[in-house]
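Laboratory data are not the source of any read-out in this text; all were calculated from the coordinates shown. Everything quoted here is computed from the prediction, not taken from an experiment. Please note: Cβ atoms are built from the backbone with ideal geometry, for glycine as well, and neighbour counts cover all protein chains shown.
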Amino acid sequence: MPSPLNARRRRRQAALSVALFSLFQLACAALFAALCFIPDLPGWLVWLFAALAGSCGGLIVPALVVLKERFHEIEGGESDAAAEY
C-alpha cells in the first residue's frame, strides 16, 4: 500500500510539471499570437503563426488528460507495485 505522504508528493510533482508545461505553452502561444500582428506581414505567415499559437494552446488539453491518468496511477499504487520488481 502506498504511503499517503509519498503519494501526496508524487501528485504534487505531477501537478507542478503539468503547470510548468502549461505556462511555457501559453507563453509560446502568446508569442506566436503577437507575431500575427506585425504590420505588412504576408497572409500565409499570419495563418502560420495563428496555427502555431493554436497548436501550442491545444497541447495543454492532452497534458491535463495525462495528469488525470497519472493521478489514478498514483492512487492505485501502480508505481509502488512496479518498484517491487
**Asked** Label points 7 Å out from Cα along the Cβ direction at residue 13 and residue 68: separation in nm?
**Response** 2.4 nm
**Prompt:** Which entry in (i) 15.1; (ii) 12.6; (iii) 16.6 is this structure's computed Kirkwood radius over Cα pairs in Å?
**Reply:** (i)
**Request:** Rank 60, 74, 38 by mean-square fluctuation in a GNM of the chain with C-alpha springs under 10 angstrom and give only the top-ranked residue.
**Result:** 38
